[in-house]
1. Would it be correct to say that F10 is within 22 Å of F171 (Cα to Cα) and either out of contact with any Leu (no Cβ under 6 Å at 6 or more places or on another chain) or not hydroxyl-bearing (S, T, Y) (or both)?
2. What are the pairs with Cβ atoms under 9 angstrom where one residue, in the range 104-129, is under 18 Å from I149 (Cα atoms) and near the ligand (Cβ under 8 Å from one of its atoms) and the other, located anywhere, is of a type in the set (K, R) and part of a helix (DSSP H, G or I)? Sequence gap at least six, or different chains.
3. With F60, F77, F73 as the choices, which residue is among the aromatic types (F, W, Y) and open to solvent by 40 Å² or more (accessible area, probe 1.4 Å)?
4. Within the range 21-43, count every residue that is over 20 Å from E56 (Cα atoms), in contact (Cβ under 8 Å) with a residue 24 or more places away in the chain, part of a helix (DSSP H, G or I) and open to solvent by less than 90 Å² (accessible area, probe 1.4 Å).
5. Could you list, in sequence order, all residues of the range 165-194 that are open to solvent by 70 Å² or more (accessible area, probe 1.4 Å), assigned to a helix (DSSP H, G or I) and in contact with a helix residue (DSSP H, G or I) (Cβ under 6 Å, 6 or more places away or on another chain)?
6. For the range 142-164, what are the residues that are without any contact (Cβ under 8 Å) to a residue 24 or more places away in the chain, part of a helix (DSSP H, G or I) and within 10 Å of the ligand (Cβ to nearest atom)?
7. Of all residues in the range 6-63, how many are farther than 29 Å from R229 by Cβ and of a type in the set (G, A, S)?
8. Output the residues belonging to the range 90-121 that are aromatic (F, W, Y) and in a helix (DSSP H, G or I).
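The values are calculated or read from the model by the stated rules, or taken from the named source; none is laboratory data. Owing to the predicted nature of the structure, the values given are computational and were not obtained by experimental measurement. Here Cβ is always computed from backbone atoms with ideal geometry, including for glycine, and neighbour counts include all displayed protein chains. Quick note on the areas: whole protein, heavy atoms, side chains included, nothing else; ligands and nucleic acids left out. Shrake-Rupley method; radii C 1.70, N 1.55, O 1.52, S 1.80 Å.
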Amino acid sequence: MRTVIFALAFYAAAAVFVGGLTYRIWQYAATPAPLKIPTTPAPLTRSGVLARMALEVGLFHSLFKSNKWIWLFGWLFHMGLFLVLARHLRYFTEPVWTLVALAQPFGVYAGFAMVAALAALWARRLLVPRIRHISAPSDHLMLALLIAIGASGLMMKYVAHTDIVAVKAFFLGLIYFDWRPLPSDPPLLVHLTLVIALMVIFPFSKLLHAPGVFFSPTRNQADDSRERRYAPARPSRLAASAAPAGDA
Ligand code: HEM
């Protein structure tokens, strides 16, 4: 019964996550950005934009320039999350990829770093009056959700172990439609329930900044408004909707 409920919930959550994210990314990609508005000083070429984007995504460059504390904890959280997720790939791959195997020892420290950085970011929202005032319930909810996922994960790792071989069999079974029983340990069930909630919320939440950064016109445009002058895509249409011939 437990296995069936979790299996169906994971399929549904995966559908919402992938479908919702695809729809959002399509929306971002289809939104016109006709004006050149890169934040200056801006790169002059496309390869310059690539370098700027790499700095932004890898090192959170603009955040570094605006606030060192948020940068420190924000970067720590995201790098921790990256390593934790890389470590988790072992549950979904057989044989486990070499890079994933190499990431294993770092992944554990990353789990602590991730939760500590989230706690610091949440403390900022709770303790700095100016920031508390502008924090919406969803800001708190996202932090609480991520901390609870991390804490339940660390709990499994250090306090109440679960059968990770059986967990892997369950997830490979989901992928190959050959369901295997899911262990019943409470921390695992809490961890997985929260992950399902995260997958469902993601496409409707502020967490969309992850794909969104790539579509940000202030970051992804080259400062070449003189070299590449904007021209309307379909001049014939514009002409048709213009004033009738003969008007001055
Ligand atoms: C379906 C997806 C997931 C599965 C099957 C899963 C499963 C597990 C398991 C079995 C452990 C215990 C590892 C051990 O005992 O060695 C664990 C730990 C952990 N999980 Fe997850 N988890 C998932 C998603 C996530 C997500 C999305 C996050 C973060 C947002 C996360 C964060 C953590 C952390 C921080 C730990 C402790 C450190 C570690 O062992 O890597 N998990 N997870």
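1. Working: within 22 Å of F171 (Cα to Cα): yes; either out of contact with any Leu (no Cβ under 6 Å at 6 or more places or on another chain) or not hydroxyl-bearing (S, T, Y) (or both): yes.
Yes, satisfied.
2. Partner pairs satisfying both residue conditions: G107/R87; V108/R87; V108/K157; A110/R87; G111/R87; G111/K157.
3. Numbers: F60 fails: open to solvent by 40 Å² or more (accessible area, probe 1.4 Å); F77 fails: open to solvent by 40 Å² or more (accessible area, probe 1.4 Å).
The match here is F73.
4. Going through the range 21-43 one residue at a time, the tally reaches 2.
5. The one that is open to solvent by 70 Å² or more (accessible area, probe 1.4 Å), assigned to a helix (DSSP H, G or I) and in contact with a helix residue (DSSP H, G or I) (Cβ under 6 Å, 6 or more places away or on another chain): V190.
6. Within the range 142-164, Y158 is the sole residue that qualifies.
7. 9
8. Pass one, the range 90-121, residues aromatic (F, W, Y): 91-92, 97, 106, 109, 112.
If the condition is that a residue be aromatic (F, W, Y) and in a helix (DSSP H, G or I), then Y91, F106, Y109, F112 are the ones that fit.
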